[in-house]
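**Q** Once you've had a glance at the structure underneath, I'll fire off some questions.
The values are calculated or read from the model by the stated rules, or taken from the named source; none is laboratory data. Note that the structure is a prediction, hence the values are computed from the model and not measured. Quick reminder, even Gly has a Cβ in these numbers, built from the backbone with ideal geometry, and neighbours come from all protein chains shown. These area figures cover heavy atoms from the full protein model, side chains too; ligands, DNA and RNA do not enter into them. Shrake-Rupley method; radii C 1.70, N 1.55, O 1.52, S 1.80 Å.
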Amino acid sequence: PLTVTEYVDLQCPICARAAESTLPALIRDQVRTGKVKLEVRTLSFLGPDSVKAARVAAGAERQGRLFAFLEAFYARQGTENSGYVTDDFLREVSQAAGVDAGRAIGQEDSAFASARLQRADDDAARMNVQGTPTLTVKRGNGAERVLEASPLDAAAVQAELDREAAR
């Protein structure tokens with residue numbers, strides 16, 4: 001199958017819109033049917049709230065609940081760099097996502113979280129990701145490329161993935 005990787009910053013309001021408008025169709029029509037494997041890389045370039053959010057998201061990932069955490073985070077997203085990403089906020093997000101908040105927040109300073117952030121940064125640099133959200137696609141072990149379709153246009157993303165699958 002194809003692998004689609006979404007590059008996000010949890011503070012990015014456009015990422016929240018893409019998660020609401022495009023990802024449900026992608027998951028329903030591509031992921032659940034086995035045509036696409038979906039991955040996410042949490043970048044943290046918008047500021048300190050992004051770093052804290054991405055590190056705790058790594059804790060949610062460790063519990064197998066990353067996508068639920070992202071969805072709950074976006075539903076409660078505040079104004080960029082306003083300081084809203086507090087431990088209390090992250091506990092609320094974690095609870096809504098079915099994540100053990102103590103364990104997720106406890107991962108904030110872990111080697112696992114640091115490795116996840118470094119991987120996201122390295123992959124984004126390799127792919128020349130200039131902003132979030134950005135979607136990439138690759139077939140098997142083939143070359144990864146940035147999708148030209150806007151992450152906010154579900155139909156365009158679907159069409160581009162259909163073209164990629166037909167190659």
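**Q** Mind listing just one residue for me: the one in the range 73-90 that is assigned to a helix (DSSP H, G or I) and within 19 Å of the chain's Cα centre (by Cα) and, of those, farthest from residue 62 (Cα to Cα)?
**A** Selected residue: 75.
**Q** Does any residue of the range 57-78 turn out to be polar (S, T, N, Q) and open to solvent by less than 30 Å² (accessible area, probe 1.4 Å)?
**A** No, the range 57-78 has no match at all.
**Q** Follow-up question, since we're still on this one. If you check 91, 76, 55, which single one turns out to be more than 15 Å from residue 106 (Cα to Cα), basic (Lys, Arg) and at pLDDT 95 or above?
**A** Within the list 91, 76, 55, the selection yields 76.
**Q** How do the pairs read when you match residues in the range 139-167 that are under 15 Å from residue 38 (Cβ atoms) with residues anywhere that are in a helix (DSSP H, G or I) and among the hydroxyl-bearing types (Ser, Thr, Tyr), using Cβ under 9 Å and keeping only pairs 6 or more apart or on different chains?
**A** Every condition considered, the pairs that remain are 151/21; 154/21.
**Q** Another one. Restricting to the range 95-130, count the residues that are outside any helix (DSSP H, G or I), among the polar types (S, T, N, Q), on the phi < 0 side of the Ramachandran plot and exposed (fewer than 12 other Cβ atoms within 10 Å of the Cβ).
**A** 1
**Q** Among the residues of the range 131-150 satisfying the criterion of being among the hydroxyl-bearing types (Ser, Thr, Tyr) and either over 30 Å from residue 91 (Cα atoms) or not in a loop (DSSP other than H, G, I, E, B) (or both), which is least open to solvent (accessible area, probe 1.4 Å)?
**A** 136
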